[in-house]
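First comes the structure, then the notes that go with it.
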Amino acid sequence: MQWKALALALLVGQSSGQAFMEMMRFQCSQLVIDRLDPLVNPGLIPSPHLHQIVGGNSFNASMDPADHDLVAGSTCTSCTFTEDFSNYWTAVLYFRARNGTYKRVPQFVSEGLRADGGITVYYIPAPDANTKVTAFKPGFRMLVGDAAARAKTDVRKVCHRCMPKTGDASNVNCGAPDSQELPSKMCDGGIRSVITFPTCWDGKNTDSANHQDHVSYPETGDTSVGSSGTCPTTHPVKIPQVMLEVMWDTRIFNDPDLWPEDGSQPFVWSTGDSSGFSQHGDYVFGWKDDSLQRAMDNRCNGAVCSALKVQSAEDAMKCTKQRVVEEDYDGWVTEIPGMAMAA
Ligand SMILES: *[C@@H]1O[C@H](CO)[C@@H](O)[C@H](O)[C@H]1NC(C)=O
Ligand SMILES: *[C@@H]1O[C@H](CO)[C@@H](O)[C@H](O)[C@H]1NC(C)=O
């Protein structure tokens, strides 16, 4: 339903007059929830805050690009496409009760998908089929958002949507009614969090010190969806638009007797932030050989792609990983894991 609505929204939203735009959209089931952050805090066990991680099971605390081969090191992936051993991760959402204790908000999947929570991953090519996008190189990684942010930043592409009970016919890309803030009201269909990565690359570096400077959002043109718009001359290479969609099942807390009496909203990111601005997404590329390039060149659509091998949702759900940092993240806890480490 939501997928159909999304296709419809794109159809309506196309300014280029195209009837339809292909995009890969598939589910990656939960691999592990752990206090690790190989991009920002490589080797640090535990990292400052909790993440939910999906993808190949070679994921670990260090993932040094010099010697960590995600494809060779993985024996399974929690994603639909079996050649995708990439890792994707985001912060974790908590509910804060009136008595001050916290409970992790469970994740669910968008309508029509089947998985143990996790992330819906999109790879969106250029709207114009003649415009080539270049798949990432081994060792490529990037980050969107800022775990330290507590106020509005120019990060336009990390947002929340207060979901209606069913269906959702509006845009996917952080335009209205989405907000960087966490929704202030109870949401009948839970909260969706979307993270959209840049679509322009400098063509040389697979990473940069802040994991952001080697990529850029397009400078001009319609940048609403896909690898569209014009890339800056510093970052001339068009890369697929990676987008992460995470569904938080806040519905179980939709009870006025549970919400704060002062009218504020009760959800807090694992960064310790209740504003919403600190949600972020991390990506470490790990597609086998040229599989992602093939998928992009073939304009693969949805989770069906003749150029790629697919596994069942059951098999994807079997790919999990033992958590490294043992701590209670599922009971009612007096502190969000790592909060004591927060500055
Ligand atoms: C992560 O995996 C690599 C192998 O790719 C290994 O050399 C490294 O020691 C591992 N790091 C941790 C912290 O487990
Ligand atoms: C705190 O509140 C939650 C939600 O009402 C409840 O489930 C939990 O048992 C309470 N914990 C304590 C220690 O009172």
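Considering the stretch 318-331, and only residues there that are farther than 11 Å from residue 32 by Cα and open to solvent by 40 Å² or more (accessible area, probe 1.4 Å), the residue that is modelled with the highest pLDDT turns out to be 318. Only one entry of 164, 198, 183 meets the criterion of being surrounded by fewer than 17 Cβ atoms within 10 Å (Cβ to Cβ) and either without any contact (Cβ under 8 Å) to a residue 24 or more places away in the chain or more than 16 Å from ligand 1 (Cβ to nearest atom) (or both), and that entry is 164. Looking at the stretch 90-99, which of the residues that are open to solvent by less than 30 Å² (accessible area, probe 1.4 Å) and not in a strand (DSSP E or B) is farthest from ligand 1 (Cβ to nearest atom)? Taking the candidates together, the pick is 97.
For the residues 262, 315, 257, 290, the requirement of being surrounded by fewer than 22 Cβ atoms within 10 Å (Cβ to Cβ), among the acidic types (Asp, Glu) and within 16 Å of ligand 2 (Cβ to nearest atom) singles out 257. Residue 147 meets all of the listed conditions (1) modelled with pLDDT under 95; (2) open to solvent by 20 Å² or more (accessible area, probe 1.4 Å); (3) over 15 Å from the mean Cα position of the chain (by Cα); (4) small (Gly, Ala, Ser) but one, namely (3). Here residue 190 meets the list (1) touching a helix residue (DSSP H, G or I) at 6+ places or on another chain (Cβ under 6 Å); (2) among the small types (Gly, Ala, Ser); (3) open to solvent by 60 Å² or more (accessible area, probe 1.4 Å); (4) modelled with pLDDT of 80 or more almost entirely, failing just condition (3).
Of the strands (runs of 3 or more DSSP E) lying entirely inside the stretch 15-89, those containing at least 1 residues that are of a type in the set (Asp, Glu) are 30-34. Answer with yes or no whether residue 129 is assigned to a loop (DSSP other than H, G, I, E, B), open to solvent by 20 Å² or more (accessible area, probe 1.4 Å) and over 30 Å from residue 259 (Cα atoms). Yes: the conditions hold for residue 129.
The values are calculated or read from the model by the stated rules, or taken from the named source; none is laboratory data. All of these numbers come straight from a predicted model, not from anything done at the bench. Cβ: placed from backbone, ideal geometry, glycine included. Neighbour counts: every protein chain shown. Ligands, DNA and RNA are stripped out before the accessible areas are found, and what is left, the full protein with its side chains, is counted by its heavy atoms. Shrake-Rupley method; radii C 1.70, N 1.55, O 1.52, S 1.80 Å.
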